[in-house]
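K.L.:
Got a structure for you, questions after.
The values are calculated or read from the model by the stated rules, or taken from the named source; none is laboratory data. This one's a predicted model, so the numbers in the text were calculated from it and none came from an experiment. When we count neighbours, we look across all protein chains shown, and the Cβ atoms used for this are built from the backbone with ideal geometry, even at glycine. Please note that ligands, DNA and RNA were not included when accessible areas were found on the heavy atoms of the full protein model with its side chains. Shrake-Rupley method; radii C 1.70, N 1.55, O 1.52, S 1.80 Å.
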Amino acid sequence: MYSHSSESLIQQAREIQEPELQKFYSRLVKLLQGKELGHETVDSLQRLYLILSATKYTRMLPSDLQKRLRSLLLSQSEQLQVLSAAVLRETLPLSGQEPNYNQENPAQLNSHATALLISQAVTRTDLSFFCAQLLRCLEGRPSESPAHSLLYILPVLNTILTHNPKCLTEDHVTLVSKKLVDWLRYASIVQGGGASSGRFFTGPRSRQPLPIAELDGTVSGDFFTVLCVGQGFTEDQWMNVYSFSMLRHWLLTYHSVSNGNTTVDAANRLQLSLSLSLSFSNDDRSEVDGSVVSMVSATSSSSRVLPPKERLREKAFQYCQRLIEQSNRKAHKKTDTELQKACLVEAVYILDCVCVEDASLVYRTFPSIKALFGRLSSDLLYARVLLPIAQFCLNHGELAAVDCDSMWKLVFGRFPAELFSDPFLAHELLRFLRLNLENIQLRVSQYTHFFPNLLKFLAWDSPAVVDDFVDLLPSLVTPGTTVELLHTLLDLPCLSATLVLQLRSACLPISEPGSRSLACLDAFRHSSSRGLFLFLLRGEAGSGDTIERLDDLHKLLAEAADWPRVIHCAQTVPVLLHIFFNTVVMVADETLLAHLILVMLERSSLLFNIPTYIKEIHRVFSCHLLRLCKLHPSLIMYQSHELLEFAGTTANVYTKEELYTHVVWVLGEYLSVSCDSRCSVRLITSCFEALEAVLFEITSSAPPPGATCPAPRAINALMSALAKLASRSHDLIPRVSLFLSKLRTLTRGRSVPWCSDEEDLVAIVTRGEELWSLLKTPSIAQSVLTPPPHVITPQSHRDNNVAMPLGLRTLSILAQSQRH
Amino acid sequence: MVRCFLIHTVCPVSALSAGESRVLYSRVFGPDEESERTPEERRLLQKEKIAAVARQVRSAVSLTREASGRVLVELVPGDEALALQDADSGVVRLRAGDPFSEEMSVLWLGVQSLGFTMVCEPHENLLLAEGTLRNLTRHCLEHLHMLGQGSEVLLRSTRIDVLLSRLLPHGQLLFLNHRFAQTLEKDVAAYMAM
């Protein structure tokens, strides 16, 4: 598809030299001077476009060429219009030649020239002027302006107001609202003629006009909408399509409810709407005279008395109700079925929008929304349509006193469990959660319980949705779910593998003769191990933090460790763990934090074996163990038994070096009476003995086969911890000093089996000597090794005596510098 | 509204480094966000934003293809329908400020070595956007013979401009049933025949 020729064309365009370019420009000017602009001109213009667009640096065109191109914008040939607009878009207007937005007459411009004009608009006033001109066109009689120009006015307006809603004045907004009402509600209900030539408008009526039809072929019985078909279409039917296409954006821009609305205000509006809805007179008609009895409009309120904005709201409401009704029909074509879905989504969003504006509409809307939900809730193909309905329930469910429980079961239960592999649903559902998080946390009490289901999106396609989970994860961390959540996050790669197996299991037959079947797939289907997988696939929290046979599960999934999907997932887990721990410190109490330390220690040897995954997780654990203990030093006491056991296991030095080092460090630092009064001499002594034993063992023999020598950091940490503990219980000092002096003698001039690098050995011995000399003065040793907090935190600026000279010095420097 | 539509490479290109993508066609709709800069700076910034989007999509496409483990089958002109059916698709979320001033949803279709990408504003109807993107891609593949070795996407870029002016005028997504779509497509076909 992307060939060498394309690549070389681009390279040529980027590298064209200035002299050659100037020659090209002059040749082009000559060509453009000719009467007939044939293929050579078109090809040259196309080449010019390529040259200009291939580089991000702007090339300026000579003024005569620019002028000629500008005149081509209004050419009769669309090809020349498009080419000149494309070229001019890639360069800059000549200074002094910038378009004057007050003078451009949109009626004479085609769509391409207009697009160029808009892209070159610099200031808001430019766009305001242009808007004013556009709307003047709109106001004029249809016969005055060339008919085709009207069609693109709405998209142009829409694109302008995206960036600059203030471009339209109140009067403009009123004018457009009126026009939108006409096109949406009173478009022609007969088919346009001239279908064969592809023209847009009615020709002279040569035969009896046929009525428009619905998508299933039946004759339409109500007003025209985007879901109506005919052989050809009239102009106002086209405008109906364009109007509906921009309706939601228009309503969001100009009909947004200000936050200052009080309940009194809303009640007044409710009264007004209710009294109006009691009158059942027919809607007034505009120019088009049709006498078809409309089903939706007959039950609506009289809109004669409403101001334009409110009238538009009412018509939008009717239009959407009709679309919902029309979507029930079985369309003949697949593309139309897809359009019906898109229309449902749009209709529900618009209804949500108008109901936010006018609360009285909720009562009129809810029955059809509820019916729609009933119709679609069991069909997973309509899952994406149910999300706007969920939004509606969230916004207005309370007002209508509706129980949205079945809705949430669907959104948090069935959708993630069965549709986790649909990237569009994942994106929209997670977006819905992100935008409504506060509301959901308030109204949907079971939200946090569904985290196992929600994490399925992440396990399946981590790169695509990890960003969303960075935002959502904090909301899932609650005291009730913390421990289970930690376990689930650690096993996310296993969930990833299990989801793959689940899908494969559904696609593949039970036994494929002659083919290699995955061992893990067999395990997935086998009754003895199925329970393990089913735990991972659970939808809700609360049935247990983790499983006993986790080790077995990891072994069964071993061949999945190199699946790309699993690897991608494993790469995101450390990031999420950081977010998890950062959130946990804010919501958990000390008991829970202590439990988390226990989980970290336990899981450090119980992780799915993906290369680098285990190391990364240990690094995260180490970082947060440190943080937690720093914040709550007494946590050491809560888990002293487990921490001691971990620190006393020599094997941990070799297999979990990073974590081991940190555990030893926190023990040395925080196991003291000043951190927690429960700390006893006996505890300090037993910790000392455990660490001493490990240090002896690792410095007396070579590492076990397969393991590397322990890093100097680990050994230093052990020595420092022993020294710190000894400084708190002076009886232990002789034992440490003895070891340290022995260390010095043993290593002098000799190589040792437990340290391969000479420099490392020197570092270790140096540290040992420092500690040894420090311990000779026990009273100072404690203050040096574990300085009290007020020494570590810099406070000199707060102390009156110290701050004064500093302050004076600063002032005199400032005063002196001013004089110069 | 759709902010921009682009066609770019999602395969390795020898002249570029690993994660980079060559943009073959790009079209930005609407006025520029930045009004405080010189026109030259604005154009430069716009090109860089588009390049940033292309890079993100390139990365998303390769990760998705890696994860699904599917092997790309070489297709020839005539297989357009199959190419579309087999295409990878997805959505990328761009945070506000990176690179557009507000959050965007980027829909993409990966057809063989090229990506067709549409940057949509947050409140856009993504179902409609997806359908429109597929339709646009199908037309591009057919009218520009993109499954072959030619370079029409570069030399006949105006065809894409015309296609966009009918199906996505000024970035507006349209609710087109099959009859409306047929009328517009006939119009486009008439232009292509010239």
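K.L.:
Kindly report the accessible area of region A:24-168 per residue (heavy atoms of protein chains, probe 1.4 Å, no ligands, DNA or RNA), in Å². Could the numbers behind the result be given before it?
P.N.:
Values: 6320 Å² over 145 residues.
Computed with neighbouring chains in place, this is 44 Å² per residue.
K.L.:
Is the C-alpha gyration tensor of region A:73-143 telling us rounded, prolate or oblate? Criteria: a/c under 1.5 is rounded; beyond that, a/b larger than b/c is prolate, otherwise oblate. Intermediate values should be presented prior to the final figure.
P.N.:
Details: a/c = 2.45, a/b = 1.18, b/c = 2.08.
Judged from the Cα gyration tensor, region A:73-143 comes out oblate (a/c at least 1.5, b/c at or above a/b).
K.L.:
How large is the helix-only mean residue ellipticity at 222 nm for the protein assembly as shown, computed as the sum of -39500 (n - 2.57) over DSSP H runs with n ≥ 4, divided by its residue count, in deg cm²/dmol to the nearest 500?
P.N.:
Values: 48 runs with 610 residues, N = 1014.
Result for the protein assembly as shown: -19000 deg cm²/dmol, rounded to the nearest 500.
K.L.:
Go through A:219, A:362 and list them by solvent-accessible area, largest first, probe radius 1.4 Å.
P.N.:
A:219, A:362
K.L.:
How high is the relative contact order of region A:593-672? Use alpha-carbon pairs under 8 Å, at least six apart in sequence, and give a whole percent.
P.N.:
Numbers: 56 pairs, mean separation 29.1, N = 80.
Computed value for region A:593-672: 36 percent relative contact order.
K.L.:
Using the structure shown, list the pairs from A:742/A:776; A:309/A:341; A:35/B:186 with a Cα-Cα distance above 18 Å, or answer none. It would help to have the intermediate numbers written out before the result.
P.N.:
Values: A:742/A:776 16 Å; A:309/A:341 28 Å; A:35/B:186 30 Å.
Long pairs (Cα-Cα over 18 Å): A:309/A:341; A:35/B:186.
K.L.:
Can you give the relative contact order of chain A as a percent, counting alpha carbon pairs under 8 Å and 6+ residues apart? List each step's numbers first, then the result.
P.N.:
Working: 873 pairs, mean separation 45.2, N = 820.
It comes to 6 percent, rounded to a whole number.
K.L.:
Next up: At 25 °C and 0.890 mPa s, grab the translational diffusion coefficient of region A:493-588 from Stokes-Einstein with a Kirkwood Rh over Cα pairs, rounded to a whole number in µm² per second. If you can, show how the numbers build up before the last one.
P.N.:
Working: Rh = 15.0 Å.
Value of D from the Cα-based Kirkwood radius: 163 µm²/s.
K.L.:
Further question: Averaged over B:125-132, how many beta carbons belonging to a partner chain fall within 10 Å of each residue's beta carbon?
P.N.:
6
K.L.:
How much of the calculated P(r) for region B:88-161 lies past 19 Å, in percent of all Cα pairs?
P.N.:
Working: 1139 of 2701 pairs.
The calculated P(r) of region B:88-161 puts 42 percent of pairs beyond 19 Å.
K.L.:
Same structure, new question: Compare A:758, A:98 by solvent-accessible area with a 1.4 Å probe and give them largest first, with all protein chains kept in place. Present the calculation step by step, with values, prior to reporting the outcome.
P.N.:
Working: A:758 150, A:98 110 Å².
Reading off the accessible areas and sorting them downward yields A:758, A:98.
K.L.:
Membrane-span-like helices in chain B: DSSP H runs reaching 18 Å or more (Cα, own axis), mean Kyte hydropathy at least -1.0? Can you show the working numbers first?
P.N.:
Details: long enough: B:39-68 (43 Å, -0.62); B:126-143 (25 Å, -0.03); B:178-192 (20 Å, -0.40).
Once both thresholds are applied, what remains is B:39-68, B:126-143, B:178-192.
K.L.:
Nearest 10 degrees, 0 to 90: what angle lies between the long axis of helix A:527-536 and the longest principal axis of chain A (Cα atoms)?
P.N.:
The angle comes out near 70 degrees.
K.L.:
Which peptide among B:75-81, A:36-42 comes first, and what is the full order, when sorted by highest mean count of other Cβ atoms within 10 Å? Before the final figure, lay out the partial values.
P.N.:
Working: B:75-81: 14.4, A:36-42: 12.4.
In decreasing order of mean packing, B:75-81, A:36-42 become B:75-81, A:36-42.
K.L.:
May I pose another question? Heavy atoms of the protein only, probe of 1.4 Å, neighbouring chains included. What is the accessible area of residue A:461 in Å², nearest 10?
P.N.:
Counting only protein heavy atoms, the figure is 40 Å².
K.L.:
Describe numerically, in nm with one decimal, the distance between label points set 7 Å from Cα along Cα→Cβ at residue A:700 and at residue B:36.
P.N.:
The answer from the label model is 7.1 nm.
K.L.:
Assuming a ≥ b ≥ c are the square roots of the Cα gyration tensor eigenvalues, decide whether chain B counts as rounded (a/c under 1.5), prolate (otherwise, with a/b larger than b/c) or oblate. Show your work: numbers first, answer last.
P.N.:
Numbers: a/c = 1.42, a/b = 1.10, b/c = 1.30.
It is rounded, given that a/c, with a ≥ b ≥ c, falls under 1.5.
K.L.:
Let me ask something else. At a probe radius of 1.4 Å, figure out the A/B buried accessible area, summed over both chains, and give it in Å² to the nearest 100.
P.N.:
Numbers: alone 41390 and 10750 Å², together 44560 Å².
In total, chains A and B hide about 7600 Å² from solvent.
K.L.:
Can you compute the radius of gyration and Dmax for region A:1-117, using only the Cα atoms, both in Å?
P.N.:
Just the Cα atoms of region A:1-117 yield Rg and Dmax of 14.8, 47 Å.
K.L.:
Give the accessible area for residue A:448 in Å² (nearest 10); use a 1.4 Å probe, count only protein heavy atoms, and leave out ligands, DNA and RNA.
P.N.:
20
K.L.:
Across the residues of A:337-350, average count of Cβ atoms on other protein chains within 10 Å? Spell out each step's value before the answer.
P.N.:
Numbers: counts 0, 5, 9, 1, 3, 10, 5, 1, 4, 5, 0, 0, 2, 0.
Per residue, the average neighbour count from other chains is 3.
K.L.:
Further, regarding this structure: Over the heavy atoms of residue A:408, what accessible area does a 1.4 Å probe trace out, to the nearest 10 Å²?
P.N.:
10
K.L.:
Using θ = phi - 60° and the Karplus relation 6.51 cos²θ - 1.76 cosθ + 1.60, list the HN-Hα couplings for region A:435-452 in order, rounded to whole Hz, with x at every Gly or Pro.
P.N.:
Values per residue, Gly and Pro as x: 6, 10, 4, 4, 4, 5, 4, 6, 8, 10, 5, 8, 3, 5, 5, 8, 4, x Hz.
K.L.:
Give me the residues in region A:1-50 whose solvent-accessible area, probe 1.4 Å, is reduced by at least 30 Å² once all protein chains are included instead of the chain isolated.
P.N.:
Those are A:1, A:2, A:3, A:6, A:7, A:9, A:10, A:46, A:49, A:50, which lose 30 Å² or more relative to the chain on its own.
K.L.:
Then there is this: Give me the Debye-computed log₁₀ of I(q)/I(0) at q = 0.06, 0.07 Å⁻¹ for the protein assembly as shown, equal point scatterers on Cα only, no solvent, two decimals.
P.N.:
Summing over Cα pairs of the protein assembly as shown leads to -0.61, -0.79.
K.L.:
In what sequence, largest accessible area first, do A:60, B:194, A:637 appear using a 1.4 Å probe? Please list the in-between numbers first.
P.N.:
On the way: A:60 95, B:194 125, A:637 30 Å².
The ordering from most to least exposed comes out as B:194, A:60, A:637.
K.L.:
Please give the average number of partner chain Cβ atoms lying within 10 Å of the Cβ of each residue in A:56-66, rounded to a whole number.
P.N.:
2
K.L.:
Ignoring ligands, DNA and RNA, what percent of the accessible area of region B:131-194 is carbon or sulfur (1.4 Å)?
P.N.:
Numbers: 1000 of 1870 Å².
Accessible surface attributable to carbon and sulfur in region B:131-194 totals 54 percent.
K.L.:
A further question follows. Tell me, what is the percent relative contact order of region B:1-71, built from C-alpha pairs under 8 Å that lie six or more residues apart? Please report the intermediate quantities before stating the final value.
P.N.:
On the way: 64 pairs, mean separation 24.4, N = 71.
Computed over region B:1-71, the figure is 34 percent.
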